[in-house]
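The values are calculated or read from the model by the stated rules, or taken from the named source; none is laboratory data. Predicted model, so just to flag it, every value in this text is computed and none were measured. Heads up, the Cβs are rebuilt from the backbone with ideal geometry, glycines too, and the neighbour counts pull from every protein chain shown. These area figures cover heavy atoms from the full protein model, side chains too; ligands, DNA and RNA do not enter into them. Shrake-Rupley method; radii C 1.70, N 1.55, O 1.52, S 1.80 Å.
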Amino acid sequence: MADIELTTAGAVVRFLAAQRIALDDLDPDASDRLSAIGDGESVPLFGGVYAIFGHGNVTCLGPELHRWRHVLPTWRGQNEQGMALAGVGFARAMRRRRIMAATSSIGPGATNMITAAAAAHANRMPLLLLAGDTFGHRLPDPVLQQVEHFGEPSTTVNDAFRSVVRYWDRITTPEQVLASLPNAMATMLDPADCGPAFIALPQDAQAHAGRFPERFFEPVVHRVRRPRPDRRELAAAAAVLTAAKRPLLVCGGGVRWSMAEAELRTVAERHRIPVAETVAGRTAMPSSHPLACGPIGVTGCAAANALAASADVIVAVGTRLGDFATGSWTLFDHAATFVGLNTARFDATKHSSRPLVADAREGLAELSVMLGDYIAPEEWSARAETETAQYHAYIDKIAAPEADSSLAGPPTYAQVVGAVSRSANERTYVVTAAGGLPGETVNGWRSDVEHSFDCEYGYSTMGYEISGAWGAKQALGDRDVVALVGDGSYLMMNSDLYSSVLSGHPITVVVCDNGGFAVINRLQLAQGGVSFNNFLADTMTSAPTGSMDRPPQVPARVDFAAHAASLGCSSESVATIAELEAALQRAKNADRTCVIVLGTHPDAWTQGGAPWQVGVPEVSHRAEIAEAASGMAEAMAAQRRGW
């Protein structure tokens, strides 16, 4: 077979264009939606490339992306961090079965993508990052946007990606592409090691020509492997579970990425085991299911947390067991036994768990067979139903359109989430991320629709909401994507509103304006501090003169609706829940991105979570901080120790 002469940049793009994913590896909804762009058996693995061009990528990658744009579409980003976060949102919506690439120039364009890489890494999401780099031969050094390292001349800012990606490489000769790109693909599609891949492309290396075998560019149809459990680990896990009096399934995002929802329900129903969900696992179980006990942990509900505290065996399925799921490990009985069902050995063995290293779908199916006719005691499943009914009654009350008479002021987050939930249908997909909205949404979004929720809380990235929603819309086609974002996150990153308008991927964005970083103000006060530098009203607005405790000036408030309109969105401000619900209905029929702005209560929160360990000063000039430190120590006395 003949060789082809291509530049490094040309080989990279042509290789990406040849990668495909089997249609039967996608969930049924995605398979139906994407069949039109496939060949009956597979579709392109890459949904496209987000690009912001600069001197480090426009002259070599640019022409190749233009050449292959009909197979590998290029989407113009407005901010490198935002476009790469859109790639994370795309991958989450596609359950890690399809991938986006993002390319930047050298220097600030590249380093802008570091936060997005970290978000992908923390959430175990595939994302390919291609960044321009300095010249390998160094003749023109220092080049524009180069940071020089006096004692390490081969180091560039792209080395900063090493700590936030699963795979890192720098291509210095064309031939290296033959090994590097397949390794990057394997990493991104590995269910155990899944995460972002980064490839640095020095400007001279991009332009160099090499000879590549034609077969390197032949279409490759990928399938995500599903490792089955080791028979001994399976038997050990089944032995632990069949002896349980109070078993609990803790469902993480791995259940959703494995598309194991049906198997999870089968195990729960056949063996009468209650299910609690982590933030990433939300919507794996229908919320109305009698054994679905709601979200667990710091942002969880009283029902799931009460059951977790009483459980004697916890089967952690596809979860990292992060501090928000475990209440900083204060949530569980110290005598409880953990079974870790996870494709990643690292996660399966946490806190001395009995490991069951396997794909969630295959592992759950085989575990159910091994459990035979085991059924959890009736009083345990009955307690789960009682606890869960109380949770639903509580959310029904706080999410009702009528304002709580004990609260003065604008609508609460809980009421906003309730309005979005009531206006939703089976095609609605909700996106949120950092701040106060994750806790409110994970409780209030009680949908029976599988895979209808995306809360990026692995890295808790403020600014993900709008960018992630844009990526999700590109992945989900005609589904309605609704982003819930606070005023703080909106101000951090909003330019992908314009991206969604420019690319023709309309989303609905609900901006909850509570006057600042309200949830961090809540934490500040809870740990003995005073309101300072979080709410706009507590922010220094001019150079200090005289007393530092002078009354603050009233800060100018942002007109979010006007700002969104300036980016080409349809926008409006509403004041009540009834007006919000009417605006949400109008947004469904809009032909472009709609932004709905609503003032929300700054200090009304859903109750029922678990302790969360943060650093509190051991000594302080404030008695309130000393009291908070004592309270934290008391809460952490229940902390389960061990790895």
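One table, with the values for the structure above:
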{"read-out": "Qualifying residue in region 602-625 (condition: in a helix (DSSP H, G or I), over 27 Å from V481 (Cβ atoms) and either polar (S, T, N, Q) or open to solvent by 30 Å² or more (accessible area, probe 1.4 Å) (or both))", "value": "yes"}
{"read-out": "Which listed residue, of A30, A22, A11, is in contact (Cβ under 8 Å) with a residue 12 or more places away in the chain, touching a Ser or Thr at 6+ places or on another chain (Cβ under 6 Å) and open to solvent by less than 20 Å² (accessible area, probe 1.4 Å)", "value": "A22"}
{"read-out": "Hits in region 166-193 - residues which are crowded, with 23+ Cβ neighbours inside 10 Å and in contact with a helix residue (DSSP H, G or I) (Cβ under 8 Å, 6 or more places away or on another chain)", "value": "I171, P174, V177"}
{"read-out": "So A384, is it part of a loop (DSSP other than H, G, I, E, B), among the small types (G, A, S), closer than 30 Å to R641 by Cβ and open to solvent by less than 10 Å² (accessible area, probe 1.4 Å)", "value": "no"}
{"read-out": "Counted residues, region 78-95 - those being crowded, with 24+ Cβ neighbours inside 10 Å and either in a loop (DSSP other than H, G, I, E, B) or over 18 Å from the mean Cα position of the chain (by Cα) (or both)", "value": "1"}
{"read-out": "Failed condition for D133, given (1) of a type in the set (D, E); (2) in contact (Cβ under 8 Å) with a residue 60 or more places away in the chain; (3) within 25 Å of L6 (Cα to Cα); (4) open to solvent by 60 Å² or more (accessible area, probe 1.4 Å)", "value": "(4)"}
{"read-out": "Long-range neighbours under 8 Å by Cβ, at least six apart or interchain, first residue farther than 15 Å from L45 by Cβ within region 174-190, second open to solvent by less than 30 Å² (accessible area, probe 1.4 Å) and assigned to a loop (DSSP other than H, G, I, E, B)", "value": "V177/I171; S180/I171"}
{"read-out": "Residues of region 452-465 classified as part of a loop (DSSP other than H, G, I, E, B) and either within 19 Å of V420 (Cα to Cα) or of a type in the set (K, R) (or both), total", "value": "2"}
{"read-out": "Residues of region 446-458 that turn out to be open to solvent by 10 Å² or more (accessible area, probe 1.4 Å) and either within 29 Å of R557 (Cβ to Cβ) or of a type in the set (A, V, I, L, M) (or both), as a count", "value": "2"}
{"read-out": "Output for region 37-70, where each listed residue is modelled with pLDDT of 95 or more, surrounded by fewer than 17 Cβ atoms within 10 Å (Cβ to Cβ) and aliphatic (A, V, I, L, M)", "value": "V58"}
{"read-out": "Among (1) in a helix (DSSP H, G or I); (2) buried (at least 18 other Cβ atoms within 10 Å of the Cβ) - the single one A160 does not satisfy", "value": "(2)"}
{"read-out": "Tally, over region 57-93, of residues that are among the small types (G, A, S) and in contact with a Leu (Cβ under 7 Å, 6 or more places away or on another chain)", "value": "4"}
{"read-out": "Residues satisfying the stated conditions in region 255-286, i.e. touching a Ser or Thr at 6+ places or on another chain (Cβ under 9 Å), more than 30 Å from L189 (Cα to Cα) and not hydrophobic (A, V, I, L, M, F, W, C)", "value": "R270, H271, R272, P274"}
{"read-out": "Meets criteria (surrounded by 24 or more Cβ atoms within 10 Å (Cβ to Cβ), in a loop (DSSP other than H, G, I, E, B) and either at positive phi or in contact with a Leu (Cβ under 8 Å, 6 or more places away or on another chain) (or both)) for R124", "value": "yes"}
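Residue-wise test of (1) in a helix (DSSP H, G or I); (2) free of Cβ contacts under 8 Å to residues at least 60 places away in the same chain; (3) within 18 Å of the chain's Cα centre (by Cα); (4) farther than 25 Å from Y391 by Cα.
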| site | (1), (2), (3), (4) |
| --- | --- |
| A434 | no, yes, yes, no |
| E450 | no, no, yes, no |
| S467 | yes, no, yes, yes |
| L523 | yes, no, no, no |
